[in-house]
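Single-structure report; data block below.
What follows is calculated from the coordinates using simple rules that are stated; it is not laboratory data. Everything numeric in this text was worked out from a predicted model, so none of it was measured. Positions of Cβ are backbone-derived with ideal geometry, glycine not excepted, and every protein chain shown enters the neighbour counts.
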Amino acid sequence: MNTATLSPATAAPPAGVPVVDVDPYCDAFLSDPYEAHRQLREAGPVVWIPAYGIYACARHESVHAVFNDHATFISGAGVGLANFNQETPFRPKSLILEADPPSHTKARAILARILSPKTVMQIRATFTAEAESLVERLLARQMAGETIDAVKDLSEVYPLKVFPDAVGVGDANRENLLLYGNMIFNAFGPRNERLQKSAELVQPVTAWIMAHCQRENLRPGGFGDLIYQAADAGEITHDEAPLLVRSFLSAGVDTTVNGIGNAILCMANHPDQYAQLCADHSLARPAFEEALRFESSVQTFFRTTSKDTGLLGVQIPKDSKIVTFLAAANRDERQWPDPDRFDIQRRPAGHMAFGSGIHGCVGQVVARLEGEVVLTALAKRVSRIELIGAPQRRLNNTLRALASMPVRLIPV
Ligand code: 8QM
């Protein structure tokens with residue numbers, strides 16, 4: 001891949017904007033981002049990161065402001081570091097993520113209808129049964145002497161079962177969805193070695209993904225087929241349908257895999273909190289929500305300015321890239337009391353883990369369902385989650401991801 005288009009490290013800092021000299025894509029930052037997040041918040045509502053020549057927001061107030069002015073802070077020029085006004089996107093642009101009104105509005109309406117609360121009511125029983133049977137199988141394997149990995153055996157397994165089932169994708173080779181997710185979330189960052197490595201594996205995976213966006217490979221009545229029904233009804237063209245199905249396969253797996261993985265890790269690291277959940281299963285939803293605030297799956301997204309603008313006292317010229325640190329906003333002491341405390345009694349409404357505004361996660365009802373039913377299934381059958389080895393992170397340019405988490409599940 002060509003690295004010559006990296007924003008120059010020499011880009012002159014704009015006058016009057018605080019400079020924060022961090023590399024949000026180096027191993028140290030990604031391994032433990034929270035101190036650097038604090039530094040970014042402290043420096044001001046809008047700062048400059050010279051290594052990439054970009055503006056950055058890490059406070060809740062500024063992240064919220066960017067997401068809620070979609071006319072100034074556009075998505076159509078890409079929501080990663082690359083500016084699509086200046087370079088070609090690495091894949092055809094998403095019709096929803098990398099789009100602005102009015103075309104975004106049309107795509108969004110279709111996905112919002114498919115991923116509605118009514119749909120969630122229909123899939124709830126199946127999603128619950130799958131979570132319960134998975135936990136049961138893990139306990140049986142553990143009883144037979146196996147060590148359980150809460151990532152490899154649980155947080156990767158569960159979404160890879162229920163979500164592609166709902167979309168209508170066949171069983172074979174679903175792990176391709178994880179390889180694809182790892183690549184596209186790396187691709188929102190710079191063209192570094194991390195992206196390079198994940199992209200090397202991806203060519204056959206991309207072909208598999210595109211094949212599974214075709215109607216003949218999607219179960220009639222599944223989410224994917226419903227996109228084609230919208231095309232039949234004339235809401236989008238038949239050419240656009242596969243690209244919209246691709247959004248399910250891009251956004252629907254690696255995000256929930258890590259949302260669930262991070263939530264389980266929070267529970268293992270905070271046994272007092274897990275005990276509260278075991279005592280009151282109705283805390284599963286707020287517990288998952290707090291885990292999203294505490295360890296946000298998606299750490300960063302970019303916007304591009306459509307015009308010269310001012311943001312909380314800082315002047316930003318047209319066609320600038322601005323990175324929003326969702327995860328830093330979620331630990332902003334200006335917004336949350338004692339933000340570094342994981343507390344499932346907190347009701348963290350207004351967290352930025354699903355974004356905000358017109359691009360706020362359209363699949364969040366399904367994501368929340370998955371998190372809720374997995375935590376409930378655990379709370380019913382497991383009284384304690386003990387780490388029996390150091391959890392390993394999978395460093396990704398955008399995701400707060402896990403590679404492994406060996407655990408002992410203490411049955412109730
Ligand atoms: C991130 O392809 C897409 O439409 C798409 C890809 C990734 C996401 C969203 C949409 C936010 C989870």
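Straight Cα distances below 24 angstrom link LYS318 to the lysines LYS93, LYS307, with same-chain residues fewer than 8 positions distant left out. Only helices reaching 30 angstrom along their own axis (Cα) with mean Kyte-Doolittle hydropathy no lower than -1.0 count here, and for the DSSP H runs of the chain these are 117-143. Each Lys or Arg adds one and each Asp or Glu takes one away; over the other residues whose Cβ falls under 12 Å from the Cβ of PHE294, this sums to -1.
Once backbone amide H atoms are built at 1.01 Å from N, PHE302 has GLY80, THR324 as its partners under 5 Å, excluding neighbours fewer than 5 places away on the same chain.
By the helix-only formula, in which each DSSP H run with n ≥ 4 contributes -39500 (n - 2.57) and the sum is divided by residues, the chain has a 222 nm mean residue ellipticity of -13500 deg cm²/dmol. Computed from point charges on the beta carbon alone (+1 for Lys and Arg, -1 for Asp and Glu), the dipole magnitude for segment 3-411 about its Cα centre is near 340 Debye.
Most tightly packed first, judged by the mean number of other beta-carbon atoms within 10 Å of their residues, the peptides 403-412, 219-228 read 219-228, 403-412. Less than 5 angstrom separates the built amide H of GLN392 from those of ALA403, SER404, MET405, all sequence-distant by 5 or more or on a different chain. Calculation over all alpha carbon pairs of the chain in 10 angstrom steps from 0 returns a P(r) of 5, 23, 33, 26, 12, 2, 0 percent.
Only Cα pairs under 8 Å and 6+ residues apart enter the sum, and on that basis the relative contact order of the chain stands at 25 percent.
Under the criterion of Cα pairs below 8 Å and six or more residues apart, the relative contact order for segment 50-139 equals 16 percent. Neighbours of GLN273, meaning other residues whose beta-carbon lies under 11 angstrom from its beta-carbon, give a summed charge of -1 when Lys and Arg score +1 and Asp and Glu score -1.
Scoring 184-193, 379-388 by mean Cβ neighbours within 10 Å over their residues and listing the highest first yields 184-193, 379-388. When only alpha carbons are used to place a centre, segment 271-301 and segment 334-385 end up 5 Å from one another.
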